[in-house]
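Below is one structure; the comments refer to it alone.
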Amino acid sequence: CLLAVVLSGFTGDAWIALLAVGGGAVYLFGMFVAGRPLLARLYRLLDARSERAELVLPVTLVLLALAAWTTDSLGIYAVFGAFVLGACLPRGPLQSRLEGQMAPLTSVLLLPMFFINSGLNTSIGLLDSWTMWGVALVVLAAAVVGKGLACGVAARLCGESPRDAVAIGALMNARGLMELILLNIAYERGVITQTLFTILVLMAGVTTLMAV
């Protein structure tokens, strides 16, 4: 939603922000209030008889595509719709079975392809001067201080041991998929240049490797 607000200001179209924030709120409320019990009833019906059990995966994939399309149409990235759907799915043996069926698809095919797409948009050759490399180092330092160091110090002030505080800071410092998703959206919409995209992707990679 924050990204939609930024895009709204960037394009001068307030409808982008209104649709994303308002539509996102309606989708979230509707899924948790009405969607969750309906999903529980649907999966009970599918799981009630053995001959229907094979429909669980295709039904879930169809629902996943619809949820992703809905939030993408609202101006929120498709992953938000998929995440909310996952949060509303019934828990128990059915969830474990779905995870076992879908994990190979997501971890072996979709996740690597997403990283490949981000890599194709990254051009190290754009950092062709000491000035640009200096900017990249400043961005990296700001990222580490603003998240890693800040979270480590906050953990220490809250009574955590030095070892645990360092671990918290290192893990919070790591940038995950969400950062790359937002960077790709911003780059596709023209909010950031390819040079800045490259700098931020490098920062995300380095700070994630620092946690190792």
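The values are calculated or read from the model by the stated rules, or taken from the named source; none is laboratory data. What you see is a predicted model; the values in this text were computed from it and never measured. Cβ: placed from backbone, ideal geometry, glycine included. Neighbour counts: every protein chain shown. With ligands, DNA and RNA removed, areas are computed over all heavy atoms of the protein, side chains included. Shrake-Rupley method; radii C 1.70, N 1.55, O 1.52, S 1.80 Å.
For segment 145-158, which residues satisfy the criterion of being among the aliphatic types (A, V, I, L, M) and open to solvent by less than 40 Å² (accessible area, probe 1.4 Å)? Answer for segment 145-158, where residues must be among the aliphatic types (A, V, I, L, M) and open to solvent by less than 40 Å² (accessible area, probe 1.4 Å): just ALA155. Please determine, by comparing only the residues of segment 165-212 that are under 23 Å from ASP72 (Cα atoms) and of a type in the set (Ser, Thr, Tyr), which one is surrounded by the fewest Cβ atoms within 10 Å (Cβ to Cβ). Out of the qualifying residues, it is THR193.
Listed here are the residues, each with its yes/no results for (1) in a helix (DSSP H, G or I); (2) open to solvent by 80 Å² or more (accessible area, probe 1.4 Å); (3) of a type outside the set (Val, Ile, Thr).
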| position | (1), (2), (3) |
| --- | --- |
| GLY9 | yes, no, yes |
| ALA17 | yes, no, yes |
| ALA34 | yes, no, yes |
| LEU39 | yes, no, yes |
| PRO58 | yes, no, yes |
| LEU63 | yes, no, yes |
| LEU66 | yes, yes, yes |
| LEU85 | yes, no, yes |
| PRO90 | no, no, yes |
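Assessment of segment 46-65 against the conditions (modelled with pLDDT of 90 or more and under 17 Å from the mean Cα position of the chain (by Cα)) yields at least one matching residue.
Per the conditions (1) at pLDDT below 90; (2) touching a Gly at 6+ places or on another chain (Cβ under 6 Å), the sole criterion not satisfied by LEU180 is (2). Taking segment 153-180 as the range and being in contact (Cβ under 8 Å) with a residue 40 or more places away in the chain and in contact with a helix residue (DSSP H, G or I) (Cβ under 6 Å, 6 or more places away or on another chain) as the test, only LEU180 passes. Looking only at residues of segment 4-33 that are at pLDDT below 75 and touching a helix residue (DSSP H, G or I) at 6+ places or on another chain (Cβ under 7 Å), we find that the one that is farthest from LEU183 (Cα to Cα) is SER8. When segment 116-125 is limited to residues that are touching a helix residue (DSSP H, G or I) at 6+ places or on another chain (Cβ under 8 Å) and open to solvent by 60 Å² or more (accessible area, probe 1.4 Å), the one that is modelled with the lowest pLDDT turns out to be ASN117. Looking at the structure I just gave you, is GLY81 of a type outside the set (Phe, Trp, Tyr), under 30 Å from THR193 (Cβ atoms) and either open to solvent by less than 60 Å² (accessible area, probe 1.4 Å) or in a loop (DSSP other than H, G, I, E, B) (or both)? Against the criterion (of a type outside the set (Phe, Trp, Tyr), under 30 Å from THR193 (Cβ atoms) and either open to solvent by less than 60 Å² (accessible area, probe 1.4 Å) or in a loop (DSSP other than H, G, I, E, B) (or both)), GLY81 qualifies.
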